[in-house]
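The structure appears right after this line, and notes come after that.
The values are calculated or read from the model by the stated rules, or taken from the named source; none is laboratory data. Predicted model, so just to flag it, every value in this text is computed and none were measured. Using ideal geometry, Cβ is built from the backbone for each residue, glycine included, and neighbour counts are taken over all protein chains shown. These area figures cover heavy atoms from the full protein model, side chains too; ligands, DNA and RNA do not enter into them. Shrake-Rupley method; radii C 1.70, N 1.55, O 1.52, S 1.80 Å.
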Amino acid sequence: MIKTVFRKNVEQELKVLSKKPETKLKIAFEENGKMKGTTISEGGDVDILFSPRGEVMYVDFSETSKTKIEKVKTSLKKTFSTFAKDDGTKDDSSHRIKLGKKGAAKNNRDILNFRILRSGARTPTAIQERGSAFIFDLALRRNFDFKDDFKNIEKDKYAFDGLKKIFTPAYEDRMKDWTYTYYQQQKQFLSEFKGAKWSEFVYGNQSFVKFFEGYIKNIYLQFDPPKQFQKYEQWNPADIYAAYDMTKIKSELDDLFKGEENQKGVNLFRLNLYLIGLLKDKKLVGISLKKIKHPDNAELVLRNIDDESYLDAKVETKQYKMNNINFVIDGIHDRSKKTVSTYIKFGEGYQVDVKGSSSKFNNLAFGTLIKAKSAAQGGNAPIELVIGLMKKNGSDIKFKNDNTQYPTTIDEFFSPNAKYSTKDYQKWFTALKKYFKTSTKYVDFEDYITKLYQDDDGPIAQSKLMQLHFYYDSLKTNNLGVDYWLKILYLGMKVGKRFAPHAKIY
């Protein structure tokens, strides 16, 4: 990435401001793919990063630095002027300012996106899961009794000091936000499995999860022709495992993975049956962990162990019909928003978020949300399964969730050689108008997309075009009706015979 003189001046000003007494900050800059300086993860205050194509400078800062960052913003705007109105989210988690004089050439202006890293947000997954495993270990193997108050975890010196080591100084301010989750997790686990002699599963210096990640391509959905998994998450949502009699399980797993003569690997359904037996006998359990927001009480649900658990009882009792599904997709065309998320809402209970990216040219993600639980993420639906479901739902499906098929610049958007033309986008937009809550003409939508590209918001524009295509292909025929949308929900929740048996705590 070649930096303009203007950007170099902005960076230099940030360095100067970070050293002033009233805005003293530890700051790190991304240079050639590496961070230089004290990063937030190392106890710093600010990380300066760049979007993939270099159009935007990201200023990520810790929540404790918010007041100082406001002073930095004010000083930058005074020094460099602004060529457009600031924009940001309602909760101020993201705030974009555009530096430079109005009408100036592109190399004489810059876009800075200030993103606050709030307590409890963006804590690395490895830290979250290590904290869960640590508290499980105390409760299950060392008989720590946290009784009926999650604050007892904070009051217990051994437990609290152990968590502090796991979270490190960089994330210590978010640790208390997780203690309630850890308390609820161990409480619900004990309610189901109290009395079993558990220990965290270790397989040859690897956790059980790491073991399966290494052997995922040895799990076959079918042998002839061979069809395998590519990623652990496509089969198993478990974050950590607990086991009893590890030596015996290791031996039995070895036999399973050796397979029959002239055959490498294990059949998925044979492996799942083996794991179901262990879970029912309380010898092995994979646990899917989700954050639990105070004061919600967690639930523990066993999934994929019998016919009843291959469907979610709470979803099935709702008996959803198409008129119970609300497509919240106005964000695709709403000029007042730069959102990259659209929502498929099942009454008041469940939700699928079809999400793009605002900073990178990326594929869409299909996340699920259990709305009755204020912080319960259901998980992401495996993309290849969503595409397979789309093909069953209707003929002539072109959507592949491949972002390289969609424009990254305004020139590509109007190019006659592009994969999809403006005529395609107009056809998709016109077909979806009946699902929009607010009326917009295609010409206005095209103008909106054009301006996003002009403002260096190419990832946002691309995300909206991909969402437009997904909903068009999903709704133009819809042979499966409500079942199509319910199956996407189940794919995200990892419910079904093809997924591993597990205990979900949410």
Surrounding net charge for F399, when Lys and Arg each add one and Asp and Glu each subtract one, Cβ distance under 11 Å: +1
Most to least packed among 355-365, 139-149 [average Cβ atoms within 10 Å]: 355-365, 139-149
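Can you work out the accessible area per residue across the stretch 389-468, with the rest of the protein chains kept in place, probe 1.4 Å, in square angstrom?
Values: 3960 Å² over 80 residues.
Per residue, the stretch 389-468 has 49 Å² of solvent-accessible surface.
Mind ranking 227-235, 306-314 by how tightly packed they are, going by the mean number of other C-beta atoms within 10 angstrom, highest first?
Averaged packing, sorted descending, gives the order 227-235, 306-314.
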Apportionment of accessible area to carbon and sulfur, the stretch 143-249, percent (1.4 Å): 47 percent
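Is it possible to state the helix-based mean residue ellipticity at 222 nm for the chain, with each DSSP H run of 4+ residues giving -39500 (n - 2.57), the sum divided by total residues, to the nearest 500 deg cm²/dmol? What is it? Present the calculation step by step, with values, prior to reporting the outcome.
On the way: 16 runs with 192 residues, N = 506.
Computed ellipticity for the chain at 222 nm equals -12000 deg cm²/dmol.
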The stretch 250-366 - percent relative contact order, Cα under 8 Å, separation 6 or more: 10 percent
Size of electric dipole in the stretch 208-366: Cβ of Lys, Arg +1 and of Asp, Glu -1, about Cα centre, debye, nearest 20: 700 debye
Rounded to the nearest 10 Å², the accessible area of F160 at probe 1.4 Å: 40 Å²
Degrees separating the helix 422-432 axis from the principal Cα axis of the chain, which is the longest one: 60 degrees
Mean Cα-pair separation over length for the stretch 160-260, i.e. relative contact order, pairs under 8 Å, 6 or more apart, %: 23 percent
For the stretch 112-184 and the stretch 420-455, distance of Cα centres in Å: 45 Å
Between 0 and 90°, nearest 10: helix 5-19 axis offset from the chain longest Cα axis: 70 degrees
Extension reserve of the K26-N297 stretch, reckoned as 0.36 nm per residue once the Cα distance is removed: 93.7 nm
C-alpha long axis of helix 157-171 to longest principal axis of the chain, angle in °: 30 degrees
In order through the stretch 351-367: 3J(HN,Hα) via Karplus (6.51 cos²θ - 1.76 cosθ + 1.60), integer Hz, x for Gly, Pro: 7, 10, 9, 9, 10, x, 10, 9, 10, 10, 6, 9, 7, 6, 10, 10, x
R141-K227 pseudo-label distance in nm [points 7 Å out on the Cα-to-Cβ vector]: 3.9 nm
Along principal axes, Cα extents of the chain, largest first, whole Å: 71, 61, 46
For the stretch 354-493, size of Cβ-based charge dipole, Lys and Arg +1, Asp and Glu -1, in debye: 640 debye
Size of electric dipole in the chain: Cβ of Lys, Arg +1 and of Asp, Glu -1, about Cα centre, debye, nearest 20: 1200 debye
Rounded to the nearest 10 Å², the accessible area of R115 at probe 1.4 Å: 60 Å²
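Report, to the nearest whole %, how much of the accessible area of the stretch 369-479 belongs to carbon and sulfur atoms, 1.4 Å probe, protein only.
Whole-percent figure for carbon plus sulfur exposure: 48.
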Highest average packing first - 424-432, 218-226, 55-63, Cβ atoms within 10 Å: 55-63, 424-432, 218-226
